[in-house]
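Before any comments, here is the structure.
The values are calculated or read from the model by the stated rules, or taken from the named source; none is laboratory data. Quick caveat: nothing in here was measured; it's all calculated off a predicted structure. We place every Cβ from the backbone using ideal geometry, glycine too, and count neighbours over all the protein chains shown.
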Amino acid sequence: MKLDECTFWAIYNIIREIEYTFRVLKTDLDLRPIYHKTDDASMAHLNLGLLAYWLVATIRYQLKQNGMNSGWREMVRSMNTQKCVTTSVVNIERQTILIRQCTEPTKETKAIYDLLKYKYVPFTRKKSVGTPAEIF
């Protein structure tokens, strides 16, 4: 089978992209070889790694389709600026009050959300009241 130059270059770039994504996953998600005691644990580790790869590849593909060609590490750095904050207080009735909310995303993060058509805040402010056993 003979490939023309454009097809060969496209295949090469796909392979390069897959290798780069796996390098990033092994570093950022710490998916280094881990020796498990059972076959089920090994398969679970492999499945989670492949799921993570699928998610990363899908997000990067969607962003590239919308003109964003930033590297995965740069996107993770930007997205890590938004945090979920949980504050807990115990009232005089010995109930634990938890208030959970997200911080405001940066301009860079909003740009990524806009391209992916995601909400800026994944959930509205949440408040839970109860004994520690009921909440946790």
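Every test in (1) aromatic (Phe, Trp, Tyr); (2) assigned to a loop (DSSP other than H, G, I, E, B); (3) within 30 Å of Ile18 (Cβ to Cβ) is passed by Tyr53 save one, and that test is (2).
Name the residues in the range 56-100 that are under 30 Å from Gly130 (Cβ atoms) and of a type in the set (D, E, K, R), would you? Outline the logic, then answer.
Taking the range 56-100 as the starting set, the residues that turn out to be under 30 Å from Gly130 (Cβ atoms) are 82-100.
Passing the criteria: Lys83, Glu93, Arg94, Arg100.
Among the residues in the range 114-126, are any in contact (Cβ under 8 Å) with a residue 40 or more places away in the chain and in a loop (DSSP other than H, G, I, E, B)? Let's see the steps before the verdict.
At the first step, the residues of the range 114-126 found to be in contact (Cβ under 8 Å) with a residue 40 or more places away in the chain are 115-116.
Filter again for in a loop (DSSP other than H, G, I, E, B), leaving none.
No - not one qualifying residue is present in the range 114-126.
Considered as a group, the residues in the range 84-111 that are hydroxyl-bearing (Ser, Thr, Tyr) and outside any loop (DSSP other than H, G, I, E, B) include one that is farthest from Leu63 (Cα to Cα), and that residue is Thr96.
A Cβ distance below 9 Å, combined with a sequence gap of six or more or placement on separate chains, defines the contacts here; from the range 42-60, residues that are touching a residue at least 12 places away in the same chain (Cβ under 8 Å) and assigned by TED's automatic domain parsing to the domain that holds Glu19 reach residues that are surrounded by fewer than 15 Cβ atoms within 10 Å (Cβ to Cβ) and among the basic types (Lys, Arg) in the pairs Gly49/Lys26. Among all positions in the range 101-110, there is no residue which is loosely packed, with under 12 Cβ neighbours inside 10 Å and within 22 Å of Thr27 (Cα to Cα).
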